[in-house]
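The values are calculated or read from the model by the stated rules, or taken from the named source; none is laboratory data. Remember, predicted model here, so these are calculated numbers, not experimental data. Cβ placement follows ideal geometry from the backbone for every residue including glycine, while neighbour counts extend to all protein chains displayed. These area figures cover heavy atoms from the full protein model, side chains too; ligands, DNA and RNA do not enter into them. Shrake-Rupley method; radii C 1.70, N 1.55, O 1.52, S 1.80 Å.
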Amino acid sequence: MASISRTILTNYTLGTFHKQTPFAPTSNNNLLNVKGGLRLPENGKSCAIRSDLRGPVVAVSRPSLIHQPSKRIPQVFCKATTNVSGDIPESSGGLTQYEKVIEILTILFPVWVILGATIGIFKPAAVTWLQTDLFTLGLGFLMLSMGLTLTFEDFRRCLRNPWTVGVGFLAQYLIKPMLGFVIAMMLKLSAPLATGLILVSCCPGGQASNVATYISKGNVALSVLMTTCSTIGAIIMTPLLTKLLAGQLVPVDAAGLAISTFQVVLVPTIVGVLANEFFPKFTAKIIKITPLIGVILTTLLCSSPIGQVAEVLKTQGAQLILPVVFLHTAAFAIGYWISKLTFGESTSRTISIECGMQSSALGFLLAQKHFTNPLVAVPSAVSVVCMALGGSILAVYWRGQPIPLEDKDDFKE
C-alpha cells in the first residue's frame, strides 16, 4: 500500500486561469494557484504537485473546495499519496545515477574517516605522502569547491539573517575557543598540546558540518551560510584568538597564521564565488566532478594527519584523545542548549553541529607551518576523527527525532 502523508497549504488564492500548463487540461478550468507549481482542476479527481524543491511527483486527492475568486483561503488540507506513478517525466525531479552515488558517498563520510584513520595508524606510509605542500593544495581545492556552490545572493541572505547567522558565528569564535582554553587549563596539558587544542578550537566551520546538518534534518542553507561566514572570518579570528589564548604558552606568529589562512581559505573561496557568478555554464560542468574529488580529498586530508602522528598516538593515546573528545562534546551540547533559548529545533540542531565541527585539517596545516614543536599538530589530527564521528552520531540520532510541526522558522530566504 502506498504511504500517505498530509500536506498543509496556507494563504493561497483561488482564481481562474486560461494558460495551458502541463498539469491541467487545455480547457478553461478553475485552479488552485500555489507558488511552486500546484494545480488542482475543478473537473477531475486528482492532479500532480511539483515544487521548486527536488523530489518526486505525487498524486493528490482533490479536496472539496468552493470557487470564490479573489478570496484568501487561510488553510487547505489535502492528502498526498507518495510512490504513485504519474504522467510527468521522472527525470525532471529525480537524481541521476551519478548524483545518487555521490550523495551516498558523501553521507558515508564518517565511514571513510574511520577507514582512513585506521590506515593512518597501522599503515602510515600509505597516507603520509600527502605532506605540507600537497596538503595545502588539497585543502585549497576543497575551499574552491565550496566557493563554486556560492553566489552573491548567498551573502545577501546573510544580511537578511544577521541574528541567526551571527549567533552561529559567535558560537564558532566565542564558545569553542573558550572551551578549548578552559579544557587545556583544567587538564593541565603541556604547552604544545594546550596550544594545539586552542588552535583547533579557533578554526572555522568545516564542510562536513553541512553533511551532518542534512542528515540531522537541520537547516542546510543556514549551515552553508554559517560555514561561509566563519571561513571568511577565519582570516582575522583564527590568528587573533590563537594569539590571545595561546600566546602566553608558546610564541604565536599571528601574521603568519593570517597570511596562510588567507591563501588557503579565503582566496580559493573567492575564486570559486566569482567563477560561479560570471561563468555559470563553465562552473556547472566542473561541479559535476568536484563532489567525487572532494570525497576522495576529504578522506586523504583526514587520514594523513593521523598517519603523521601515529607513533605519538600509540604511546600517549588517552592523554591526547580525551581533551579533544571533551572539547567537541561540550561544544555540541552548549551550542544546542544556548540556541534553544531563542531559536526553534531545526535551527538549534544546525548551530550545535556548526559549533561542534570545524576545519580540523586547517588547524593541522597551520600547526605544521607555524609551530616548531610537532606535538602542536596532534590535537588537530585527533580532532579530524572526533568531530566527524561525534557529528555523525549526533546527526543520526536527531534524524530519528522528528521536528515539531509548530517549529519556529528562524531563517528568511
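The figures follow:
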read-out	value
Criterion (more than 13 Å from H370 (Cβ to Cβ) and among the basic types (K, R)) met by exactly one of K281, K243	K281
Residue match in the range 363-378 (condition: open to solvent by 10 Å² or more (accessible area, probe 1.4 Å) and within 21 Å of the chain's Cα centre (by Cα))	no
Filter pass, A284 being within 23 Å of N210 (Cα to Cα) and touching a helix residue (DSSP H, G or I) at 6+ places or on another chain (Cβ under 8 Å)	no
Conditions (1) out of contact with any Cys (no Cβ under 9 Å at 6 or more places or on another chain); (2) within 26 Å of I259 (Cβ to Cβ); (3) of a type outside the set (D, E, K, R); (4) surrounded by fewer than 20 Cβ atoms within 10 Å (Cβ to Cβ); number of the one not met by C158	(1)
Residue list for the range 216-267, restricted to those being open to solvent by less than 10 Å² (accessible area, probe 1.4 Å) and of a type in the set (V, I, T)	T227, T228, T231, T238, T242, T261, V264, V265
Search result, residues across the range 357-394 that are outside any helix (DSSP H, G or I) and over 23 Å from I259 (Cβ atoms)	M357
Filtered residues of the range 325-356 (kept if closer than 24 Å to T228 by Cα, over 19 Å from the mean Cα position of the chain (by Cα), β-branched (V, I, T) and assigned to a helix (DSSP H, G or I))	I338
Condition met for I183 (open to solvent by 10 Å² or more (accessible area, probe 1.4 Å), touching a residue at least 40 places away in the same chain (Cβ under 8 Å) and β-branched (V, I, T))	yes
Count of the range 292-351 residues which are polar (S, T, N, Q) and crowded, with 21+ Cβ neighbours inside 10 Å	9
Among (1) among the aromatic types (F, W, Y); (2) surrounded by 18 or more Cβ atoms within 10 Å (Cβ to Cβ); (3) outside any loop (DSSP other than H, G, I, E, B) - the single one Y397 does not satisfy	(2)
